[in-house]
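Asks: Provided herewith is a single structure, encoded as structure tokens, for subsequent inquiry.
The values are calculated or read from the model by the stated rules, or taken from the named source; none is laboratory data. All of these numbers come straight from a predicted model, not from anything done at the bench. Note that each Cβ is placed from the backbone with ideal geometry, even for glycine, and that neighbours are counted across all protein chains shown.
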Amino acid sequence: MTGSLAPLPDVLEHITLERLNEHAELLTRTDRKYIVDDDMLQRLLAANGDRLAMLDIAGRREFAYESVYFDTSDLRLYRDAATSRRCRFKVRIRIYRDTDIAVLEVKAKDGRGQTTKSRLAYDSDDRHRLTDVGCEFIDQLAGTAGISATLQPSLTTRYQRSTLVDQTPGARYTVDRGLVCTEPSGTSVGLDDVIIETKSSGSASTLDRWLWEHGVRPVRISKYCTALAAMRPELPANKWHRTLARHFS
């Protein structure tokens with residue numbers, strides 16, 4: 001289980017949220033995910049520190065995230081993702097714990113493979129339930145009247161996130177540490193390694209190329225689905241088999 005985290009070294013230039021968003025608005029994103037140990041993360045930051053900047057808000061560079069995922073009693077949304085069903089969606093309430101700001105998110109994929117993420121401002125005190133307004137929001141986006149009534153809390157994830165910007169080409173990266181995932185029953189699984197996600201225009205970013213040169217390849221990981229598969233081996237999980245075997249065994 002993941003313990004307390006040492007602070008990330010303060011070796012990068014800092015960037016404000018306004019400047020970071022200026023970079024992000026320019027991107028048609030291609031996302032890639034990697035799992036590395038802390039030593040590889042330190043090497044990556046040291047080797048690329050001259051071109052990277054880290055988001056800084058009021059002196060804070062790492063932020064606490066919590067997400068409560070909702071699914072049906074038979075985990076239909078998980079199963080849709082595991083079998084790559086063309087039209088599927090995911091529902092979560094995300095809480096930015098440092099500010100106690102919360103949003104209800106519906107991430108939907110259509111039959112053309114396009115993914116859209118829609119957000120609704122939410123009360124963090126309602127993180128474990130769907131309000132009437134929240135249900136209406138979900139039903140409209142999912143395109144199925146009443147589907148929200150079948151959803152219940154299925155997993156809570158917590159982790160620390162830092163956001164980096166490559167100032168030359170404008171690529172954006174997230175670094176997630178200390179992931180702990182807990183079912184309503186109290187069963188938990190943690191990841192001691194670091195999840196890096198690169199978000200860039202179609203071509204490979206600086207960090208993609210650096211990771212490839214050091215033998216690190218993209219992996220398939222969904223915090224929700226991979227954690228559930230790790231705790232429930234009876235679930236279909238071929239999609240994440242390699243990640244489970246290497247990092248959650």
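Asks: Could you check residue 145 against (1) at pLDDT 95 or above; (2) more than 30 Å from residue 60 (Cα to Cα); (3) among the hydrophobic types (A, V, I, L, M, F, W, C) and say which number it fails?
Replies: Exception for residue 145: condition (1).
Asks: Would you please name the residue that is nearest to the chain's Cα centre (by Cα), looking only at residues in the stretch 14-36 that are at pLDDT 80 or above and surrounded by 13 or more Cβ atoms within 10 Å (Cβ to Cβ)?
Replies: Out of the qualifying residues, it is 33.
Asks: Now for a separate question. Any idea which residue in the stretch 113-142 is farthest from residue 226 (Cα to Cα), counting only those that are of a type in the set (A, V, I, L, M) and at pLDDT below 95?
Replies: 141
Asks: Please go through the stretch 152-177 and pick out each residue that is over 19 Å from residue 38 (Cα atoms), crowded, with 21+ Cβ neighbours inside 10 Å and out of contact with any helix residue (DSSP H, G or I) (no Cβ under 7 Å at 6 or more places or on another chain).
Replies: Hit for the stretch 152-177 is 156, nothing else.
Asks: Could you grab the pairs with beta carbons closer than 9 Å, sequence gap of 6+ or different chains, first residue in the stretch 134-147 and farther than 18 Å from residue 109 by Cβ and of a type in the set (Phe, Trp, Tyr), second one surrounded by fewer than 18 Cβ atoms within 10 Å (Cβ to Cβ) and at pLDDT 95 or above?
Replies: Cβ pairs passing all conditions: none.
Asks: Same structure again: Taking interchain pairs and intrachain pairs at least six residues apart, which have beta carbon atoms under 8 angstrom, with the first residue in the stretch 114-132 and closer than 12 Å to residue 95 by Cα and free of Cβ contacts under 8 Å to residues at least 12 places away in the same chain and the second part of a strand (DSSP E or B) and not β-branched (Val, Ile, Thr)?
Replies: Partner pairs satisfying both residue conditions: none exist.
Asks: Okay, next question. Of the conditions (1) in contact (Cβ under 8 Å) with a residue 60 or more places away in the chain; (2) closer than 19 Å to residue 128 by Cβ; (3) among the hydrophobic types (A, V, I, L, M, F, W, C), residue 102 clears all except one; give me its number.
Replies: The single condition residue 102 does not satisfy is (1).
Asks: For residues that are in contact with a helix residue (DSSP H, G or I) (Cβ under 8 Å, 6 or more places away or on another chain) and of a type in the set (D, E, K, R), tally how many sit in the stretch 178-198.
Replies: 2
Asks: Kindly indicate whether residue 103 is at pLDDT 95 or above, of a type outside the set (S, T, N, Q), within 24 Å of residue 226 (Cα to Cα) and surrounded by fewer than 18 Cβ atoms within 10 Å (Cβ to Cβ).
Replies: So residue 103 fits the description; yes.
Listed here are the residues, each with its yes/no results for (1) out of contact with any strand residue (DSSP E or B) (no Cβ under 8 Å at 6 or more places or on another chain); (2) of a type in the set (Lys, Arg).
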position: 151; (1), (2): no, no
position: 157; (1), (2): no, no
position: 182; (1), (2): no, no
position: 217; (1), (2): no, yes
position: 226; (1), (2): yes, no
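Asks: Follow-up. Please enumerate the residues belonging to the stretch 119-134 that are surrounded by fewer than 17 Cβ atoms within 10 Å (Cβ to Cβ), more than 19 Å from residue 184 (Cβ to Cβ) and either touching a Pro at 6+ places or on another chain (Cβ under 7 Å) or not charged (D, E, K, R) (or both).
Replies: Result: 121, 133.
Asks: Limited to the stretch 54-80, what total is found for residues that are among the charged types (D, E, K, R), under 20 Å from residue 173 (Cα atoms) and surrounded by fewer than 15 Cβ atoms within 10 Å (Cβ to Cβ)?
Replies: Of the residues in the stretch 54-80, 1 are among the charged types (D, E, K, R), under 20 Å from residue 173 (Cα atoms) and surrounded by fewer than 15 Cβ atoms within 10 Å (Cβ to Cβ).
Asks: Can you give me the ranges of the strands (runs of 3 or more DSSP E) entirely in the stretch 72-130 with at least 2 residues that are within 21 Å of residue 232 (Cβ to Cβ)?
Replies: 88-96
Asks: Which members of the stretch 45-66 meet the condition of being at pLDDT 95 or above and either part of a helix (DSSP H, G or I) or among the hydroxyl-bearing types (Ser, Thr, Tyr) (or both)?
Replies: Of everything in the stretch 45-66, just one residue is at pLDDT 95 or above and either part of a helix (DSSP H, G or I) or among the hydroxyl-bearing types (Ser, Thr, Tyr) (or both), namely 65.
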